[in-house]
Amino acid sequence: MLTTRAPAATVRAMKIPYFQVNAFTRQLTGGNPAGVCLIEEWLPDMRLQAIAACHLLPETAFLVPGQPLLRWFTPTTEVDLCGHATLATAHVLFEHRGLDAAEVKFDTRSGPLSVRRLGNAYEMDFPGKDRQEVRSPVGLTSALGAEANIVFDGHYLMAVVHNEETVQRLTPDLREIELMHAHAVMITAPGNDVDFVSRFFAPRMGVPEDYATGSAHCMMAPYWAEVLKKPVLTARQLSSRLGELECETAGERVLLRGHAVTFIEGHVNA
């Protein structure tokens, strides 16, 4: 006898306003792309993670308009702090949702964060990240393909090298980096025409190489401010898309300034 099986229960699809914004750039194809989803209500974490995994961007931000809570997901995990997706979310609220205010404030897993408009740019107020000088971990030189002058451990592992050319030419072994204990590894050096440059690798979080990492500058900026004896610094992340930032140390906080460009505006059915 032919029998039929009742269809499995499905989750109601939602049409979610969606934006893809390139942060820390003035270029339509530069900077770090972030997805921004404006949801009607908070969805289960597994569903948020599935949406972020489908987008395959370094970060996807989720916000219920009118509520301050902001969350960020890589393709594989939720993160505690993300600069470029925060900038992208503020850009969406100011440019596409008509937010009429001097600044927007968010509640996050890293505490309160604010973003101010500065003409056609933005300034984010983020917590600085502590660091401690350590011996170079076993395998770091092999993983990076370069020997660090100084290594710091903190929110991320930070390797300091002599010059921009070393950072630019780097061809790291991402599998070796993934096996290290750190959430991510970044390498930084003095810049030729900016104060400092960097690259950032986070394969353990589903981001082999990030394009422009705001949270990383919360750790690098205080270091370079001490070394260069100046509180306001220009920075460039030497990824394939390049990221341009201005950083200012302010006590235990770091101000990150940059631009953002909308690349996609539409909806996703999720």
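Structural remarks
- Residue within the range 251-260 that is within 28 Å of ALA50 (Cα to Cα) and either of a type in the set (Asp, Glu) or in contact (Cβ under 8 Å) with a residue 60 or more places away in the chain (or both) present: yes
- Matching residues in the range 116-146 - criterion: being of a type in the set (Val, Ile, Thr) and touching a Phe, Trp or Tyr at 6+ places or on another chain (Cβ under 8 Å): VAL134
- Residue in the range 182-193 that is at pLDDT 95 or above, outside any loop (DSSP other than H, G, I, E, B) and loosely packed, with under 13 Cβ neighbours inside 10 Å present: no
- Restricted to the range 146-161, and to residues there that are under 21 Å from the mean Cα position of the chain (by Cα) and in a loop (DSSP other than H, G, I, E, B), the residue that is nearest to ASP130 (Cα to Cα) is HIS155.
- Selected residue (criterion: modelled with the lowest pLDDT) from residues of the range 10-34 that are of a type in the set (A, V, I, L, M) and surrounded by 14 or more Cβ atoms within 10 Å (Cβ to Cβ): MET14
- Residue check for VAL232: crowded, with 23+ Cβ neighbours inside 10 Å and in contact with a strand residue (DSSP E or B) (Cβ under 6 Å, 6 or more places away or on another chain): no
- Some residue of the range 162-179 being under 29 Å from ALA260 (Cα atoms), under 17 Å from the mean Cα position of the chain (by Cα) and surrounded by 16 or more Cβ atoms within 10 Å (Cβ to Cβ): no
- Where strands (runs of 3 or more DSSP E) fall wholly inside the range 201-257, the ranges with 1 or more residues that are touching a Phe, Trp or Tyr at 6+ places or on another chain (Cβ under 6 Å) and either in the same structural domain as MET186 (by TED's automatic domain parsing) or farther than 27 Å from LEU56 by Cα (or both) are 207-210, 232-237.
The values are calculated or read from the model by the stated rules, or taken from the named source; none is laboratory data. What you see is a predicted model; the values in this text were computed from it and never measured. Because the Cβ atoms are built from the backbone with ideal geometry, glycine has one as well, and the counts that use them run over all protein chains shown.
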